[in-house]
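Data first, discussion second: the structure below is written as structure tokens.
The values are calculated or read from the model by the stated rules, or taken from the named source; none is laboratory data. Bear in mind that the values here come from a model prediction, so they are computed numbers and not experimental data. Here Cβ is always computed from backbone atoms with ideal geometry, including for glycine, and neighbour counts include all displayed protein chains. Note: areas computed on protein heavy atoms with side chains; ligands, DNA, RNA excluded. Shrake-Rupley method; radii C 1.70, N 1.55, O 1.52, S 1.80 Å.
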Amino acid sequence: MDAGLNIRKNLGTLFSSAVKDAFPSIKDPLIVIAPSSGKFPSDYQCNSALSINAQLKTEGIKTNPRDVALKIIEKIANNNIIKKTEVAGPGFINIWLSETWVASSVKELLIKDVEPPKNEAKQKIIVDFSAPNIAKEMHVGHLRSTIIGESIARLFEYLGHDVLRINHIGDWGTQFGMLIAHLQDRFPDYVTVSPPIADLQAFYKESKQRFDEDPEFKKRAYSCVVKLQSFEPESTKAWQLICDVSRKEFQKIYDRLDIKLIERGESFYQTRMEKLAKQLKDDGILEEDDGRYVLWGLNKSITIPMIVIKSDGGFTYDTSDLAALKQRIEEEKAERIIYVTDQGQETHFMLLKSCAEKIGYYDPSKVRFDHVGFGAVLGEDKKKFKTRSGESVRLIDLLDEGIKRAEAKLEEKGRRDDMTPEEFDIAKTAVAYGCIKYADLSHNRVHEYVFSFDKMLDDKGNTAVYLLYAYTRIRSIARNAKMTPEQLKSAIETTAVAVEHEKEWKLAKILLKFYEVIDTINDDLCPHHLCEYLYDVACCFTEFYDKCYCIEKDSTGEIKVVHTNRILLCEATAQVMSKCFHLLGLKTVSKM
Ligand code: ARG
């Protein structure tokens, strides 16, 4: 396996084989490699000697962790990554990296523009995210799903996988019967004229009221659902009109936030649901419960079943997910499936997984199933995020407000004067949407977070504004050194990256850590690691830039010396940051 530029992986491989050589009797030894905590002056450390010593003890072999550590070190293969190792304390192994390897690795990163690690086998991955519901407003929960899902999809695309981004919208079910019946009454010529249902929510409320109060209407609404689910043309047309209204609203949000999705709502699975439900019923896998047919999972700790067939014969959210998972595994040949929804749906997805395994079409050893849950969005009062008048916040209004606030922020900094109107517009949009996305992604997704424009637009601390500023400044360094892109290009090929100074060394190592962070998120699907990393990079860069001159000028301001080896470090920093921004769905700007 080629560990590429991933330091932790490279060291892991070296130490694994050293341990195997030194202690062949130990099966699957746990190799823990971590950057040094700062307690020791080394770069990385390996703490496996202690656990290996314990394992040896159980085999009746008497030794001590320090001797184990020494034996491991003896067996480390010749390599150009490690400069030296040393045993410290009770048996920690301190590792110093070779400057030559780090410098040439940063250079490789620079030449290849932070290319993805090569060792990933290409997989078919489905990311199911966003998924708002027709006729209902898209709310902040859907915004979280959209932002987190987009970032996860981008990560897998970067890693070279075949990613299918699916929008499993709520476009099916009983409520469509009443919407259609209402549409037929209010706009009888809806088939030829586009109906004015711009305010679909109000329309929904009206139809619901009729449904609750008028038994005749209720009956007709039910018959509309039946017609719709058998794809009767008039009902289908009415349903399409309703969906189009919502779809246009959703699309406005996606366009503004630069989100790409393929719509495949619950309705897509209708015939598959019929087939699956019939088969399950025929096979006797469903349990009858008060007229409904339910399915229990394998996992006994989940105390509720899935409702596969309702007492009126209709299907549910559960049925659509059962059919969708089957379609994704059997037809799409997905090898990994990721669902991004609020934490509240965790049980639903655990149950789905467990039921699918029971039915037999899902094999956990072949397909990886992840539920990416997230916490609620709170207002600054720490209560559910609402407008002042207590209504739920419309996403469009939220984005508009973001734009206004970003504009004010840039104006306050006097930026309007040194930008063209176009540049100002680009900067304002990048800041507004960047800060909304970043505030979401920088919090550990499983926790709730407080939505605050003031905090997210702060230009200090771990915010998009601070980072985007830092980035534009770093990008301008080569320009200030009067290096042309051609000169820069040839410098990259001929000059070694600076790693002598303590701050250069620290920065170079942290740049390579990018690959470790990516590796972590690939597994735990928590984008906040990337935000923390990005902030670390920016802080490390500031320390470096304070101590290490890149350009030296004389008293008249004329450039006397350009330290090209440091300019390269600046460029590498900018490239790594740019890659992080891309993975988080943020747009960078050349001026702000
Ligand atoms: N429409 C659902 C909601 O608003 C989310 C759907 C998530 N995806 C899925 N396959 N169930 O809560």
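Residue-wise test of (1) open to solvent by less than 30 Å² (accessible area, probe 1.4 Å); (2) of a type in the set (Lys, Arg); (3) assigned to a strand (DSSP E or B).
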| position | (1), (2), (3) |
| --- | --- |
| Val68 | yes, no, no |
| Asn94 | yes, no, yes |
| Lys107 | no, yes, no |
| Pro117 | no, no, no |
| Ser130 | yes, no, no |
| Arg144 | yes, yes, no |
| Glu150 | yes, no, no |
| Arg165 | yes, yes, yes |
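Scan the stretch 383-411 for residues that are assigned to a loop (DSSP other than H, G, I, E, B) and of a type in the set (A, V, I, L, M) and the total you get is 1. Quick one: in the stretch 311-360, which of the residues that are away from the ligand (no atom under 16 Å from the Cβ), crowded, with 16+ Cβ neighbours inside 10 Å and over 23 Å from the mean Cα position of the chain (by Cα) is modelled with the lowest pLDDT? Looking at residues that are away from the ligand (no atom under 16 Å from the Cβ), crowded, with 16+ Cβ neighbours inside 10 Å and over 23 Å from the mean Cα position of the chain (by Cα), I get Gly314. For the stretch 531-547, the candidate set comprises residues that are of a type in the set (Ser, Thr, Tyr) and either under 23 Å from the mean Cα position of the chain (by Cα) or at pLDDT below 95 (or both); within that set, the residue that is surrounded by the fewest Cβ atoms within 10 Å (Cβ to Cβ) is Tyr535.
Residue pairs whose Cβ atoms lie under 7 Å apart, sitting 6 or more positions apart in sequence or on different chains, and linking a residue in the stretch 472-486 that is in contact (Cβ under 8 Å) with a residue 40 or more places away in the chain and in a helix (DSSP H, G or I) to a partner that is among the basic types (Lys, Arg) and open to solvent by 30 Å² or more (accessible area, probe 1.4 Å), are Thr472/Lys591.
Considering only the stretch 291-310, state which residues are out of contact with any strand residue (DSSP E or B) (no Cβ under 8 Å at 6 or more places or on another chain) and surrounded by fewer than 17 Cβ atoms within 10 Å (Cβ to Cβ). It would help to see each step written out before you state the result.
The initial filter retains those residues of the stretch 291-310 that are out of contact with any strand residue (DSSP E or B) (no Cβ under 8 Å at 6 or more places or on another chain), namely 291, 298-304.
If the condition is that a residue be out of contact with any strand residue (DSSP E or B) (no Cβ under 8 Å at 6 or more places or on another chain) and surrounded by fewer than 17 Cβ atoms within 10 Å (Cβ to Cβ), then Gly291, Leu298, Asn299, Lys300, Ser301, Thr303, Ile304 are the ones that fit.
Would you check which residues across the stretch 212-231 are surrounded by 15 or more Cβ atoms within 10 Å (Cβ to Cβ) and among the charged types (D, E, K, R) and list them? Lys218, Arg220, Lys227, listed by residue number. Taking the stretch 301-318 as the range and being more than 22 Å from Ser223 (Cα to Cα), of a type outside the set (Gly, Ala, Ser) and in a loop (DSSP other than H, G, I, E, B) as the test, the residues that pass are Ile302, Thr303, Ile304, Pro305. Of all residues in the stretch 1-41, those satisfying the criterion of being under 14 Å from Asp519 (Cα atoms), assigned to a helix (DSSP H, G or I) and open to solvent by less than 40 Å² (accessible area, probe 1.4 Å) are Ile7, Asn10, Gly12.
Quick one: count up the residues across the stretch 154-175 that are of a type in the set (D, E, K, R), out of contact with any helix residue (DSSP H, G or I) (no Cβ under 6 Å at 6 or more places or on another chain) and within 16 Å of the ligand (Cβ to nearest atom).
The initial filter retains those residues of the stretch 154-175 that are of a type in the set (D, E, K, R), namely 154, 157, 162, 165, 171.
If we keep only those that are out of contact with any helix residue (DSSP H, G or I) (no Cβ under 6 Å at 6 or more places or on another chain) as well, we get 157, 162.
Next, only the ones that are within 16 Å of the ligand (Cβ to nearest atom) stay: none.
Selection size over the stretch 154-175: 0.
Criterion first (open to solvent by 20 Å² or more (accessible area, probe 1.4 Å) and modelled with pLDDT of 90 or more) does Gln175 satisfy it? Answer is no for this residue. Screening the candidates Ile81, Ile52 for the property of being away from the ligand (no atom under 16 Å from the Cβ), in contact (Cβ under 8 Å) with a residue 12 or more places away in the chain and surrounded by fewer than 22 Cβ atoms within 10 Å (Cβ to Cβ) yields one hit, Ile81. Are any of the residues in the stretch 363-378 in a strand (DSSP E or B) and open to solvent by 80 Å² or more (accessible area, probe 1.4 Å)? Yes, there is a match, as at least one residue in the stretch 363-378 is in a strand (DSSP E or B) and open to solvent by 80 Å² or more (accessible area, probe 1.4 Å).
Give me a count of the residues in the stretch 337-377 that are among the acidic types (Asp, Glu) and in contact with a helix residue (DSSP H, G or I) (Cβ under 8 Å, 6 or more places away or on another chain). Walk me through how you get there before you give the answer.
Narrowing the stretch 337-377 to residues among the acidic types (Asp, Glu): 342, 346, 357, 363, 370.
Keeping just the survivors that are in contact with a helix residue (DSSP H, G or I) (Cβ under 8 Å, 6 or more places away or on another chain) gives 342, 363.
Going through the stretch 337-377 one residue at a time, the tally reaches 2.
Mind listing whichever residues of the stretch 110-149 are away from the ligand (no atom under 16 Å from the Cβ) and among the aliphatic types (A, V, I, L, M)? Give the steps one after another, and end with the answer.
Going residue by residue through the stretch 110-149, those that are away from the ligand (no atom under 16 Å from the Cβ) are 110-124.
Answer for the stretch 110-149, where residues must be away from the ligand (no atom under 16 Å from the Cβ) and among the aliphatic types (A, V, I, L, M): Leu110, Ile111, Val114, Ala121.
If we keep just the residues of the stretch 276-290 that are surrounded by fewer than 16 Cβ atoms within 10 Å (Cβ to Cβ) and in contact (Cβ under 8 Å) with a residue 12 or more places away in the chain, which is farthest from the ligand (Cβ to nearest atom)? Taking the candidates together, the pick is Asp290.
Could you please find all residues in the stretch 475-498 being closer than 30 Å to Ser37 by Cα and surrounded by 22 or more Cβ atoms within 10 Å (Cβ to Cβ)? Let's see the steps before the verdict.
Here is the first cut: in the stretch 475-498, the ones closer than 30 Å to Ser37 by Cα are 496-498.
Passing the criteria: Val497, Ala498.
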